[in-house]
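A short write-up of the structure that comes next.
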Amino acid sequence: MGVSKPCPFCGSHDTTAVWDRAGDDPFFVRLPGACEVLVRVRCLRCGAEGPTFSVEIEPPLRDGETYYHPSAFGEAARLWDERKED
């Protein structure tokens, strides 16, 4: 994934990109033929999470489908690495 900075809380380099469907939020308005996915980096050691951003994808995911988009996960890694030094 390309994350280079350690977790600001525990110092671990053990991180991964995670995603959630934004449509799981009851206040989210879904557009026909697309769904919004929220992507961020999470530390696997302590659970700290980086900034979240959204990506609209087509066709929408069905229950049980996984999501992988290299540029979205790369953007999550960039946001994690650009955070201020702690």
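For G33, state whether it is at pLDDT below 65 and either not aliphatic (A, V, I, L, M) or not in a loop (DSSP other than H, G, I, E, B) (or both).
Yes: the conditions hold for G33.
Only residues that are at pLDDT below 80, assigned to a loop (DSSP other than H, G, I, E, B) and aliphatic (A, V, I, L, M): list them for segment 44-86, please.
Across segment 44-86, the qualifying residue is only L61.
The values are calculated or read from the model by the stated rules, or taken from the named source; none is laboratory data. As the structure is a prediction and not an experimental result, all values here were calculated from the model.
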